[in-house]
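Q: Please find one structure pasted underneath; my questions will follow.
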Amino acid sequence: MFGLALHTSTPELGLAISNFDQMHRYQSWDLGRDLSSQLHALLQEFLAPQCWQDLKFIAVCIGPGGFTGTRIGVATARTLAQQLDIPLFGISALAAFAHHYLATSAPKSESEIAQSSATDIAITMPAKRGAVYGAVYHWTGKTLLSKLEDTVLAAEDWQLKQSQWSHPLVQLSLESGVGLATTTSSLLQLGYEQWKTNEYPNWREVIPFYGQHPVTS
């Protein structure tokens, strides 16, 4: 079985495909405004030698991120999931970043492994008008769980919420629209974790997250 991930919430396009055994491929392109015109051709080329019928699920980044890129990626993923009749999982850009951080910052010593086995991670990303996107995820040592879903807050309110958190937080900040395509493999892995639960949302339920202006259809 194969899963496919699309990350279009930045000027970069990120694609990843895996059978979660011996084969994993990832690639990114810095497309800028050409994302909409090149996405479908690059996706078709990237998929080979696999074919559409090999896919068992799709994971797509739902934001936060750029309005146009996120919308294009989600619309493409929804269409593919509908036509292929396979599950579609919408994954937060902040969750993918948290997972990527954990995957690339693996503990080296036994003491570090013990300390990292139960970690709360706060992710901050700039939003508009001086606000920030914030979320908290809990790492159990095996699974990433949402403790505070993606939200938009005034910067000072987000700082206060973090200071009042009941557990120590690993605090991570990322720049909006910079380098998030590198987290596409984590996006795919998070989709795979959801796929294994056998709880599959309808593709219609996967919508972009824009913070102040959510889309409902």
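Yes or no, residue by residue, for (1) of a type in the set (F, W, Y); (2) modelled with pLDDT under 90; (3) in the same structural domain as G69 (by TED's automatic domain parsing); (4) farther than 24 Å from L13 by Cβ:
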site	(1), (2), (3), (4)
G141	no, yes, no, yes
V152	no, no, no, yes
Q162	no, no, no, yes
Q189	no, no, yes, no
W195	yes, no, yes, no
V215	no, yes, no, no
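Q: Just the residues that are aliphatic (A, V, I, L, M) and within 18 Å of L190 (Cα to Cα), please, taken from region 14-56. Outline the logic, then answer.
A: Filtering region 14-56 for residues aliphatic (A, V, I, L, M) gives 15-17, 23, 31, 35, 39, 41-43, 47-48, 55.
Within region 14-56, L15, A16, I17, M23, L55 meet the criteria.
Q: Restricting to region 128-150, what's the tally of residues that are in contact with a helix residue (DSSP H, G or I) (Cβ under 9 Å, 6 or more places away or on another chain) and either in contact (Cβ under 8 Å) with a residue 60 or more places away in the chain or among the acidic types (D, E) (or both)?
A: Looking only at that region, the number is 3.
Q: Oh, and also: Could you tell me how many of the residues in region 49-83 are buried (at least 21 other Cβ atoms within 10 Å of the Cβ) and touching a Ser or Thr at 6+ places or on another chain (Cβ under 6 Å)?
A: 6
The values are calculated or read from the model by the stated rules, or taken from the named source; none is laboratory data. From a predicted model like this one, the values you see are computed outputs, not experimental measurements. Neighbour counts are summed over all protein chains in view; Cβ atoms, including those assigned to glycine, are modelled from backbone coordinates with ideal geometry.
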